[in-house]
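To start, the structure itself, in structure tokens.
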Amino acid sequence: MRDAPKFPYAFIDKIIVSQEEIDQRVCELGETITRDYANSENLLLLGLLRGSVMFITDLMRKIHRPMTMDFMSVSSYAGSESSGFVRIDSDHKTNIHGWDVILVDDIVDSGFTVHTVRKLLLDRKPNSIKVCALLDKPDRHKVDIHIDYLGFSIPDYFVVGYGLDIDEKGRNLPYIASVDLEKFKQIYKK
């Protein structure tokens, strides 16, 4: 029997998606996007900061066709809960009129962020817009949202790793792990 993994944060409960599973799925998503956009003249990956950084970086390396990327910084979380209000902190720089845009997010929870940003982007007249998310928590959706390219559907755990965080902790983990929120609150006196 293998020893239990030693986690760098005491509030980690268990690994939900391993590094190997992430690597495999990102490769598959890159192949699918490469195929789906083979005839696109202007493909843009538009990442939502900061959680999508690791995902979009790995994903773009698996897309074997011309493309570019840009970012938006949006806020919708207060601690471990989605606030339901989406604030645009920094907008993208690329004029997306006529572009094929893939909106890349780390996790779809309530769906408010992706729904709001997608609606905003549609007003800017892209040729097309699709959604790519590493993780989806369908039990938490508060709005109807369609994810065109999905990494993994997960249960309603609060998760960290591979760019996702809790109060800026856990982003650097190479896997997705659930958080023991009671331990987190005890450790950080939240």
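The values are calculated or read from the model by the stated rules, or taken from the named source; none is laboratory data. Because the structure is a prediction, the values reported are computed rather than measured. Backbone-built Cβ (ideal geometry, glycine too); neighbour counts: all protein chains shown.
Name the residue that is nearest to THR32 (Cα to Cα), counting only residues in the stretch 157-174 that are in contact with a Pro (Cβ under 9 Å, 6 or more places away or on another chain) and assigned to a loop (DSSP other than H, G, I, E, B). Applying the filter and picking the extreme gives TYR162. Scanning the stretch 145-178 for residues that are crowded, with 22+ Cβ neighbours inside 10 Å and of a type outside the set (A, V, I, L, M) turns up GLY151, GLY161, TYR162, GLY163, GLY170.
The rows are residues; the columns are (1) among the small types (Gly, Ala, Ser); (2) farther than 22 Å from GLU41 by Cα; (3) modelled with pLDDT under 95.
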| position | (1), (2), (3) |
| --- | --- |
| THR57 | no, no, no |
| HIS64 | no, no, no |
| ASN127 | no, no, no |
| ALA133 | yes, yes, no |
| LYS137 | no, yes, no |
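Residues that are touching a Gly at 6+ places or on another chain (Cβ under 8 Å) and farther than 18 Å from ASP23 by Cβ were ranked within the stretch 126-135; the one that is surrounded by the most Cβ atoms within 10 Å (Cβ to Cβ) is PRO126.
Yes/no matrix, rows are residues, columns are (1) farther than 30 Å from LEU181 by Cβ; (2) touching a helix residue (DSSP H, G or I) at 6+ places or on another chain (Cβ under 7 Å); (3) of a type in the set (Phe, Trp, Tyr):
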site: PHE71; (1), (2), (3): no, no, yes
site: PHE85; (1), (2), (3): no, no, yes
site: TRP99; (1), (2), (3): yes, no, yes
site: ASP106; (1), (2), (3): no, yes, no
site: HIS115; (1), (2), (3): no, no, no
site: ARG118; (1), (2), (3): no, no, no
site: LYS125; (1), (2), (3): yes, no, no
site: ILE129; (1), (2), (3): yes, yes, no
site: LYS137; (1), (2), (3): no, no, no
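Residue count for the stretch 125-183, restricted to those that are among the charged types (D, E, K, R), within 16 Å of GLY51 (Cα to Cα) and in contact with a strand residue (DSSP E or B) (Cβ under 8 Å, 6 or more places away or on another chain): 4.
Yes/no matrix, rows are residues, columns are (1) in contact (Cβ under 8 Å) with a residue 12 or more places away in the chain; (2) in a loop (DSSP other than H, G, I, E, B); (3) buried (at least 18 other Cβ atoms within 10 Å of the Cβ):
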residue: PRO8; (1), (2), (3): yes, yes, no
residue: ILE22; (1), (2), (3): yes, no, yes
residue: GLU31; (1), (2), (3): yes, no, no
residue: ALA38; (1), (2), (3): yes, yes, no
residue: LEU44; (1), (2), (3): yes, no, yes
residue: GLY47; (1), (2), (3): yes, no, yes
residue: ILE56; (1), (2), (3): yes, no, yes
residue: MET72; (1), (2), (3): yes, no, yes
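Would you check which residues across the stretch 120-147 are under 13 Å from the mean Cα position of the chain (by Cα) and either hydroxyl-bearing (Ser, Thr, Tyr) or in a loop (DSSP other than H, G, I, E, B) (or both) and list them? Break it down stepwise before answering.
Here is the first cut: in the stretch 120-147, the ones under 13 Å from the mean Cα position of the chain (by Cα) are 131-137, 147.
Of everything in the stretch 120-147, those that are under 13 Å from the mean Cα position of the chain (by Cα) and either hydroxyl-bearing (Ser, Thr, Tyr) or in a loop (DSSP other than H, G, I, E, B) (or both) turn out to be LYS137, ILE147.
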